[in-house]
Ligand SMILES: Cc1cc2nc3c(=O)[nH]c(=O)nc-3n(C[C@H](O)[C@H](O)[C@H](O)COP(=O)(O)OP(=O)(O)OC[C@H]3O[C@@H](n4cnc5c(N)ncnc54)[C@H](O)[C@@H]3O)c2cc1C
Ligand code: SF4
């Protein structure tokens with residue numbers, strides 16, 4: 001069996017005060033805690049650093065608010081790839097594989113996992129150590145690849161997903177756009193204005209543990 | 001033993017033959033369970049429903065309000081890895097499988113697509129049911145495209161109207177009538193066919209966007225109405241005594257089961273009744289693969305059960321309620337009827353495959369402030385039917401039929417789906433700091449132009465058959481769709497884009513929003529060809545169509561198979577062509593009409609009804 005790899009995240013980079021463990025349980029990050037060691041399910045530690053760096057260029061933390069790093073987007077992506085989706089359990093994968101007309105969309109056999117491994121090879125292990133400008137140049141060069149498009153899509157998903165999936169840590173993504181969470185009391189009332197209620201996650205609302213699909217099968 | 005002609009298919013493993021039942025139904029969605037309810041509550045017959053997906057109940061839906069698993073991974077849909085469709089544009093092309101859910105979505109599990117539908121519940125315009133006649137009368141046969149294969153429905157508005165009323169009362173459709181017994185009523189859809197009575201429930205409240213659409217439409221001289229919806233606007237108790245609470249506008253609607261049971265779903269309207277009937281059995285995890293038949297009679301169905309055991313369930317009556325694609329595929333695989341040949345026009349099985357047409361202007365409205373409308377219910381919206389059917393197309397050359405425009409919303413409101421809308425060119429690329437800044441600046445400020453849904457006429461070259469290459473998880477051939485848009489659909493879409501743009505500009509004038517080009521619903525469809533990669537609608541019709549003779553159809557107007565009088569094929573597979581709006585209440589109406597004929601006539605005198 002593969003040795004378990006860990007991603008080490010400095011605690012102060014995480015946006016909210018809530019942190020979701022591998023088992024999906026929320027816990028408080030105390031100010032004293034210097035770093036978090038998160039067990040990885042799919043990536044190696046080096047790969048996780050590369051993906052973290054790339055997501056941070058896609059959705060940076062900057063003067064307009066927190067970004068992919070604070071939302072722990074990497075944890076979302078790691079779990080998605082480790083689960084059945086990453087293995088293409090929800091895609092029709094019988095052959096023959098043939099390129100077809102553009103109207104037929106992606107007819108290529110690479111699974112999301114394979115797409116990431118191919119993309120990571122393009123970026124190289126040193127990507128995380130490069131300057132932001134250099135990283136942007138490298139990403140621009142691969143903008144049209146399946147990998148980049150998937151990475152971009154999943155960065156957005158990891159920013160704004162329910163925290164039960166590992167991303168949107170502390171619900172900072174939802175705070176950024178004023179999304180209140182899956183509450184049943186809208187009745188069309190405007191969620192707009194200065195006094196936004198703090199968002200609530202599905203587990204907070206239902207009062208019970210909710211398992212993401214990536215944790216099944 | 002005769003296996004409907006497929007001798008090689010069933011494996012070496014022994015086939016378990018069960019005790020014969022009165023009725024076996026393939027498919028436990030809207031139509032299959034509605035049929036089961038009619039039969040078990042009105043007769044003493046024993047009914048078994050075979051549903052390939054899992055059991056479902058309303059109580060499990062509270063934990064489903066999760067955009068990643070349900071909107072993005074599409075957790076409620078049938079797992080496409082196990083079964084999909086293939087598509088080619090013409091008979092000269094090689095079909096490719098739909099590998100990830102794209103242009104249409106197919107349900108599974110108890111309730112089928114009826115659990116995660118959006119609840120849009122318009123009736124079809126009255127002349128839909130006599131469309132072939134209406135087109136001939138208006139244009140003359142010589143002026144119609146030669147490859148058109150539109151047919152009449154083998155009944156008329158007066159035949160279906162009572163069933164529409166029954167379905168609306170069962171579901172508690174919220175809306176406002178526009179035509180009661182010929183009396184036109186402002187505020188409703190004045191172009192609808194004459195209704196026997198008002199909707200059972202009032203319409204949804206109007207969001208700010210809906211009010212803008214309404215004002216704009218009025219100013220243009222159109223007749224806006226609040227779109228009828230199955231997402232209960234007010235508390236309601238239906239004639240079966242089933243009580244449901246009003247919608248809470250949670251926004252997790254299409255692609256989700258309703259957590260509080262407001263949306264009309266088979267699990268909250270049909271299962272509570274069926275569960276109490278001793279004569280009803282639902283078997284989940286059972287994939288029907290063949291309808292067994294001999295000497296012009298269906299003998300039952302062969303299926304794989306959840307343990308992988310192959311089972312033969314004999315029955316006196318067989319009902320296929322497996323939704324359009326699988327109704328047709330089951331008939332093809334079971335060698336029931338003559339497959340349609342587009343070159344000769346011979347055969348009926350698989351012909352007249354249609355897929356509701358959609359479109360709209362490639363425009364967006366940019367509001368000065370966030371709209372702050374929160375979430376919407378499925379189906380909620382304002383529509384105009386001023387261009388439905390023959391309405392408003394007098395001056396358009398080459399357009400045979402129009403469609404319905406709907407507007408007034410700002411996207412789904414869910415955080416991932418609604419994220420990132422901005423005017424073209426607002427950021428140099430679609431990632432990075434400048435893009436992030438623009439996404440936040442424009443968040444919740446962009447609304448689309450009114451959307452358009454229209455009839456899709458049937459053509460000789462659009463049809464269904466079995467794919468020669470690709471198979472499902474059992475090794476059975478997939479259903480192959482051969483379909484493309486014609487010049488007519490391109491013209492209708494161009495016309496719709498113009499009307500939608502006109503309405504969007506008027507809405508902008510009303511609301512003070514700015515109109516910008518690009519990014520609207522027309523985007524991504526620029527090739528104009530039929531595509532399977534992006535969502536269009538889940539409304540697939542035809543292939544086992546009804547008609548007035550076995551020469552032009554698979555079933556009669558009671559959805560009874562022309563050649564096997566104890567086989568009934570219910571649902572939208574019987575639509576001769578797609579109607580202008582969403583299909584479910586029409587699909588259920590013809591199914592209830594079929595049940596009446598089956599119970600009141602067939603059971604008394606078994607045989608062909610016609
Ligand atoms: C996302 C979405 C939104 C929609 N929104 C709307 C809307 O707003 N308005 C509208 O009018 N319609 C809408 N629809 C369409 C609506 O869901 C269908 O028209 C309706 O459910 C059709 O009823 P049916 O019984 O024919 O099929 P379904 O309800 O899908 O039921 C068919 C059942 O048969 C089962 N089955 C299939 N093959 C087999 C087999 N071989 N063996 C055993 N079981 C089998 C399936 O698992 C399924 O449960 C929507 C659909 C989707 C997916
Ligand atoms: S929007 Fe209304 S009907 Fe739809 S799921 Fe939410 S509460 Fe139910």
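Checked across the range B:108-116, the condition of being out of contact with any helix residue (DSSP H, G or I) (no Cβ under 9 Å at 6 or more places or on another chain) and either away from ligand 2 (no atom under 16 Å from the Cβ) or in a loop (DSSP other than H, G, I, E, B) (or both) holds for at least one residue. Criterion applied to B:372, B:408, B:381, B:420 was being closer than 30 Å to residue B:265 by Cα and modelled with pLDDT of 90 or more, and the one residue passing it is B:381. Out of B:372, B:402, one residue alone is surrounded by 21 or more Cβ atoms within 10 Å (Cβ to Cβ) and away from ligand 2 (no atom under 16 Å from the Cβ). It is B:402. Could you say whether any residue in the range A:54-69 is over 13 Å from the mean Cα position of the chain (by Cα) and part of a helix (DSSP H, G or I)? Checked the range A:54-69: at least one residue is over 13 Å from the mean Cα position of the chain (by Cα) and part of a helix (DSSP H, G or I). Looking at the range B:215-223, is at least one residue under 21 Å from residue B:584 (Cα atoms) and buried (at least 19 other Cβ atoms within 10 Å of the Cβ)? For the range B:215-223, residues under 21 Å from residue B:584 (Cα atoms) and buried (at least 19 other Cβ atoms within 10 Å of the Cβ): absent.
Any chance the range B:301-316 includes a residue that's under 30 Å from residue B:597 (Cβ atoms) and away from ligand 1 (no atom under 15 Å from the Cβ)? Yes, the range B:301-316 contains a residue that is under 30 Å from residue B:597 (Cβ atoms) and away from ligand 1 (no atom under 15 Å from the Cβ).
From the residues in the range A:189-202 that are at the interface with another protein chain (Cβ under 9 Å from one of its Cβ atoms) and buried (at least 18 other Cβ atoms within 10 Å of the Cβ), which one is modelled with the highest pLDDT? Looking at residues that are at the interface with another protein chain (Cβ under 9 Å from one of its Cβ atoms) and buried (at least 18 other Cβ atoms within 10 Å of the Cβ), I get A:202. Which of the following residues is within 14 Å of another protein chain (Cβ to nearest Cβ), within 16 Å of ligand 1 (Cβ to nearest atom) and surrounded by 18 or more Cβ atoms within 10 Å (Cβ to Cβ): B:591, B:537, B:532, B:584? Of the residues listed, the single one that is within 14 Å of another protein chain (Cβ to nearest Cβ), within 16 Å of ligand 1 (Cβ to nearest atom) and surrounded by 18 or more Cβ atoms within 10 Å (Cβ to Cβ) is B:532.
Close contacts from the range B:66-79, counting a first residue that is closer than 19 Å to residue B:54 by Cα and a second that is outside any loop (DSSP other than H, G, I, E, B), with Cβ to Cβ under 6 Å and a gap of 6+ residues or different chains, come to B:69/A:213; B:70/B:64; B:73/A:213; B:75/A:213; B:75/B:69. Might you let me know whether the range A:101-115 holds any residue that is out of contact with any helix residue (DSSP H, G or I) (no Cβ under 6 Å at 6 or more places or on another chain), at the interface with chain B (Cβ under 10 Å from one of its Cβ atoms), assigned to a loop (DSSP other than H, G, I, E, B) and over 19 Å from residue B:80 (Cα atoms)? Yes. Looking at B:258, B:286, just one residue is within 14 Å of ligand 1 (Cβ to nearest atom), touching a strand residue (DSSP E or B) at 6+ places or on another chain (Cβ under 9 Å) and more than 30 Å from residue B:337 (Cα to Cα), and that residue is B:258. Determine whether residue A:121 is modelled with pLDDT under 95 and either within 10 Å of another protein chain (Cβ to nearest Cβ) or exposed (fewer than 14 other Cβ atoms within 10 Å of the Cβ) (or both). Criteria not met by residue A:121. Residue under question is residue B:123, and the condition is that it be part of a loop (DSSP other than H, G, I, E, B) and within 14 Å of chain A (Cβ to nearest Cβ); does it hold? No: the conditions fail for residue B:123. Can you find a residue that is farther than 21 Å from residue B:239 by Cα, away from chain A (no Cβ under 14 Å) and either modelled with pLDDT of 95 or more or within 16 Å of ligand 2 (Cβ to nearest atom) (or both) anywhere in the range B:265-275? No, because not a single residue in the range B:265-275 is farther than 21 Å from residue B:239 by Cα, away from chain A (no Cβ under 14 Å) and either modelled with pLDDT of 95 or more or within 16 Å of ligand 2 (Cβ to nearest atom) (or both).
Look at (1) under 30 Å from residue B:246 (Cβ atoms); (2) more than 10 Å from every other protein chain (Cβ to nearest Cβ); (3) modelled with pLDDT of 95 or more and you find that residue A:162 fails only one, number (2).
The values are calculated or read from the model by the stated rules, or taken from the named source; none is laboratory data. None of the values given here were measured: they were computed from a predicted structure. Here Cβ is always computed from backbone atoms with ideal geometry, including for glycine, and neighbour counts include all displayed protein chains.
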